[in-house]
Amino acid sequence: MPPNTLFERITDYANRADPYPLYAELRESGVVRQDNGSYLVGTYHEIAALLHDPRISSDLGNRKDPDPDVALARSDDMPPAFIGVDDPEHDRLRRLAMRPFGPPHSPGRIDALHGDITRIAEELIRSFRDKGRIDLVEDFAYPLPVTVICGLLGVPQEDVERVRAWTNAVIAGFDPTPGDDPAQRRKAAQEARSAMATYLGDLAEDRRRHPTGDMLSALANDEGPEGRLTRPELMATAVLLLIAGHETTVNLITNGMLTLFRHPEVMEQLRAAPELIPRAVEELLRYEPPVQFLPQRSPLTDIDVAGITVPRGSALILVLASGNRDPRRFDDPDRFDPMRRDNQHFGFGSGIHNCFGAPLARIEAQIALDALLRVLDGTRLIEDPPPYRRSPVLRGPRHLLIGCGAGE
């Protein structure tokens, strides 16, 4: 059967290349209730208010109706990561995870990675030589952030492919797109999550006995005011950091380069003035955000959203990418404008669950775009639109083929 509800059309793979007309339709309706009892919100000011509302829960256990994703998230002995719990537990776990990652306890960790990220980017670009065509996903946008996050955590290079396989399975488990048996996808995701967690837990135990300078060692050995993370908490945190630490950045880099190829005048402007790249990255986070919507929110009590009563425990889906194109917040929102001012986008969410790794993602994207713009002069897209990943949440090209001359 063809998709009929708005959410079914948004998640339909046929609309992956351009969901933005559907987001405009969502904004016209304000809040849209779906046949399954979920509510879609796509207007900027309503999303902003909900992201900062303490009555909105990120804990799937607070859903009123049985949800297969709840069973997946709670199907093993590992607790949810801090992204899936509410305060005060969220605050405790996030502060423990932040201690070795950033200010105030580790203020220099991310800035110190600048040289390593630049070196990795240049090494990957050297592999472009003598190629007739480049796949920016496989040849650059994936290996750059996964190498960085594995190095940051202390995952050996020889295990990166295992990490990739586990990550793909976990993400596929939460894919609402109709297709393969969802029960099988969820089962595979559960097994992959458990395998990754056990692997990282064992690695952390080794770091506890033999500390090194990586972040996993710090997480395993840090004796903060609240003590250490337990082994299950450390496993859940490490899985989250490893997956979120590269998957969204892959999309940010790839969506960014696709957008720049579609706007060659901006590409030339940034080549001539690379100091503008940080502002361009902010506009890319608004214009083509790597995370399109947040599917796991629910109200702890009946709430009013734009005149609609959303009952306690309902699935509340916040469509960030729609809010980023809301004309009531942004002038000419469908125009890509790297000089845009007052650009308070939802590219990293907002509120207490704003993206933990945003500082790292920004640095990676800035370095990546600068490096790529310097070497891809005279190249062109081979396929537009490109093939997209299955996930409607983590939306980005699966491949992005670039022609590099006569040998393509």
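The values are calculated or read from the model by the stated rules, or taken from the named source; none is laboratory data. In this text, all values refer to a predicted model and were calculated from it rather than measured experimentally. Here the Cβ is made from the backbone with ideal geometry for all residues, glycine too, and neighbour counts use every protein chain on show. These area figures cover heavy atoms from the full protein model, side chains too; ligands, DNA and RNA do not enter into them. Shrake-Rupley method; radii C 1.70, N 1.55, O 1.52, S 1.80 Å.
GLU158 meets all of the listed conditions (1) in contact with a Ser or Thr (Cβ under 6 Å, 6 or more places away or on another chain); (2) without any contact (Cβ under 8 Å) to a residue 24 or more places away in the chain but one, namely (1).
I'm checking my understanding of the structure. Among residues of the range 161-197 that are of a type in the set (A, V, I, L, M, F, W, C), part of a helix (DSSP H, G or I) and modelled with pLDDT under 80, which one is farthest from VAL250 (Cα to Cα)? Going through the qualifying residues, I end up with ALA183. Taking the range 9-29 as the range and being open to solvent by 60 Å² or more (accessible area, probe 1.4 Å), closer than 24 Å to PRO385 by Cβ and free of Cβ contacts under 8 Å to residues at least 12 places away in the same chain as the test, the residues that pass are ALA14, PRO21. Restricting attention to the range 250-269 and to residues that are in contact (Cβ under 8 Å) with a residue 12 or more places away in the chain and over 18 Å from ARG398 (Cβ atoms), the residue that is surrounded by the fewest Cβ atoms within 10 Å (Cβ to Cβ) turns out to be GLN269.
The residue pairs whose first member lies in the range 346-359 and is open to solvent by 40 Å² or more (accessible area, probe 1.4 Å), whose second member is small (Gly, Ala, Ser), and whose beta carbons are closer than 9 Å, counting only pairs six or more residues apart or on different chains, are ILE352/SER58; CYS355/ALA244; CYS355/GLY347; CYS355/GLY349; CYS355/ALA361; PRO359/GLY102.
In this structure, does GLY378 turn out to be over 22 Å from the mean Cα position of the chain (by Cα) and small (Gly, Ala, Ser)? In short, yes.
The residues on offer are ASP370, ASP342, and the sole one that is modelled with pLDDT under 95 and among the acidic types (Asp, Glu) is ASP342. When restricted to residues that are among the basic types (Lys, Arg), over 13 Å from VAL155 (Cα atoms) and open to solvent by less than 60 Å² (accessible area, probe 1.4 Å), the range 186-207 contains 1. Which members of the range 208-244 meet the condition of being open to solvent by less than 30 Å² (accessible area, probe 1.4 Å) and either among the basic types (Lys, Arg) or at positive phi (or both)? If the condition is that a residue be open to solvent by less than 30 Å² (accessible area, probe 1.4 Å) and either among the basic types (Lys, Arg) or at positive phi (or both), then GLY227 is the only one that fits.
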